[in-house]
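Since the structure comes first, as structure tokens, the remarks are kept for the end.
Computed from the coordinates by the stated procedures, all read-outs in this text should not be read as laboratory data. Values in this document were obtained by computation on a predicted structure and should not be read as measured data. Positions of Cβ are generated from backbone atoms using ideal geometry, with glycine treated the same way; all protein chains shown enter the neighbour counts.
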Amino acid sequence: MYFQASLLDTADEPTLGPLDARLQRRQLGDGAWVDVRPGWVDGADPLFLSLQTSVRWRAERREMYDSVVEVPRLLAHFGPRQEWPDPSLEGMRSALNDHYREELGEDFVSAGLCYYRDGRDSVAWHGDRIGRGREEDTMVAIVSLGAPRRLSLRPRGGGEQIGFVVGHGDLLVMGGSCQRTWDHAVLKTAKPVGPRISIQLRPAGVA
């Protein structure tokens, strides 16, 4: 799918805006919340194109019922002792740590990248509960580059969905009990959508 740049993104190099002025928090209940900062990354489209071509994306397969299927997106991961693919990602980590360190009680240290090539790529309902997020409050920060997609959330076990359409440099942070008490997903869509890269920054032990 062809990537269509945003008419509002005119910067040649990515820069980060302030987090205080436009950060909007929505309380979800049961100690869960979501922060949204539209357009946090100015110059997000050049960064998208850089990551699209420079990251060594990998395809994964997983068992599902009686067969092995391809994960419907491409993946990459960068830990705290690895070289990250662009200095802008390290700048995101530093800015998020400066803003959230006191509330979170620790730092964001890793970056997971997902490349959604078109509307057929997706991630099913889940919470980041493999690690400490299963039992502890934590945060997962998502920076969306490229075409907007809807990030859907619903209470764990089912309930009314809410959603946030994010792309072209938007920031969304899920915090508090969100990983334990809510699930989130990027669902498939038949609508024509361009490619998207999601950058997920996490503390140690959260996956």
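Starting from 0.36 nm per residue, how many nanometres of slack lie between A190 and E106 once their C-alpha separation is accounted for?
Details: separation 84, 0.36 × 84 = 30.24 nm, distance 3.99 nm.
Length gained between A190 and E106: 26.2 nm.
Please check the chain for the longest run free of chymotrypsin sites (Phe, Trp or Tyr not before Pro) that are loop-located per DSSP (anything but H, G, I, E, B) and have at most 12 other Cβ atoms within 10 Å. Before the final figure, lay out each step's value.
Values: sites that count: Y2, Y65.
No qualifying site falls inside 66-207, the longest such stretch.
At 222 nm, what helix-only mean residue ellipticity would the chain give, in deg cm²/dmol to the nearest 500, using -39500 (n - 2.57) for each DSSP H run of four or more?
-5000 deg cm²/dmol
Name all residues of the stretch 190-206 having a backbone nitrogen under 16 Å from the label point set 7 Å from the Cα of E135 along its Cα→Cβ direction, giving them as ranges.
205-206
Hey, rough spin-label estimate for S122 and E60, points 7 angstrom out along Cα→Cβ, what's it come to in nanometres?
Using points 7 Å along Cα→Cβ, the separation is 1.8 nm.
For the stretch 36-137, which GluC sites (Glu not before Pro) pass both filters: DSSP loop (anything but H, G, I, E, B) and at most 15 other C-beta atoms within 10 Å?
Details: sites: E60, E63, E70, E83, E90, E102, E103, E106, E135, E136; in loops: E60, E83, E106, E135, E136.
Sites meeting the loop and neighbour criteria: E60, E83, E106, E135, E136.
With a ≥ b ≥ c the root eigenvalues of the C-alpha gyration tensor of the chain, is it rounded (a/c under 1.5), prolate (a/b larger than b/c) or oblate?
Because its axes are fairly even, with a/c under 1.5, the chain counts as rounded.
Rounded to the nearest 20 debye, what is the charge dipole size of the chain about its Cα centre when +1 sits on each Lys and Arg Cβ and -1 on each Asp and Glu Cβ?
720 debye
Could you tell me how far the Cα centroid of the stretch 150-204 sits from the Cα centroid of the stretch 22-50, in Å?
Their Cα centres are 11 Å away from one another.
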